[in-house]
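Working notes, structure below.
Please treat every number below as a calculation from the coordinates, not as lab data. All values reported here derive from a predicted model rather than from experimental measurement. Counting neighbours? That spans all protein chains shown, and the Cβs are built from the backbone with ideal geometry, glycine included.
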Amino acid sequence: MTLTLTGWMLYTMWVVLGLMGLSFLLGLYQSLKASSFSYNLILTYLQDLLYYVFPLFLIANMMPLDKTGWLLQIGYYIGALGVVIKYISNIRSKM
């Protein structure tokens, strides 16, 4: 099986990764501004990649196993929506 993010799935992944990057840069700016840089900032985003992005890639990889063609796709979009909402609220709390 190969990883194929097609159509809106690719754009959804770009939104998820973009919001993760924006949140990381905002946290990095705030920590450098306060002169309190910590390795926990980087480890948190590595952990989020493992907990949030990797399962989305696994769901996308299992798409050929779905006989209906839409069950895993709905799960992918619901998971991505949850990650987007999490990072939007994270960005709002940092501002």
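Extension gain, S35 to V15, is 4.2 nm, computed as 0.36 nm per intervening residue step minus the present C-alpha separation. Under 17 Å of direct C-alpha separation, and excluding same-chain neighbours fewer than eight residues apart, K33 reaches these lysines: K94. With the simple model of a label 7 Å out from the Cα in the direction of the Cβ, N90 to Y45 spans 0.9 nm. Mind running the shape call on region 14-53? Use the C-alpha gyration tensor, a ≥ b ≥ c as the square roots of the eigenvalues: rounded below 1.5 for a/c, prolate if a/b tops b/c, oblate otherwise. Here region 14-53 falls in the oblate category.
Descending by average beta-carbon neighbour count within 10 Å, the peptides 29-37, 15-23, 68-76 line up as 15-23, 68-76, 29-37, the highest first. Working note: Karplus 6.51/-1.76/1.60 with θ = phi - 60° gives region 6-13 the couplings 10, x, 5, 5, 5, 5, 5, 5 Hz, where Gly and Pro are set to x. Per-residue ellipticity at 222 nm computed for the chain from its helices equals -24000 deg cm²/dmol, with DSSP H segments shorter than 4 residues left out and the rest contributing -39,500 (n - 2.57). When the Cα gyration tensor is reduced to axis lengths a ≥ b ≥ c, the ratio a/c is 1.5 or higher for region 31-95, and with a/b not above b/c it is classed as oblate.
Summing Lys, Arg as +1 and Asp, Glu as -1, what charge do residues with Cβ under 14 Å from the Cβ of Y87 carry, Y87 excluded? Once all neighbours under 14 Å are counted, the net charge is +2. In sequence order, region 47-57 has phi-based couplings of 5, 5, 4, 6, 7, 10, 7, 4, x, 5, 5 Hz under the Karplus curve 6.51 cos²θ - 1.76 cosθ + 1.60, θ = phi - 60°, and Gly or Pro positions carry x.
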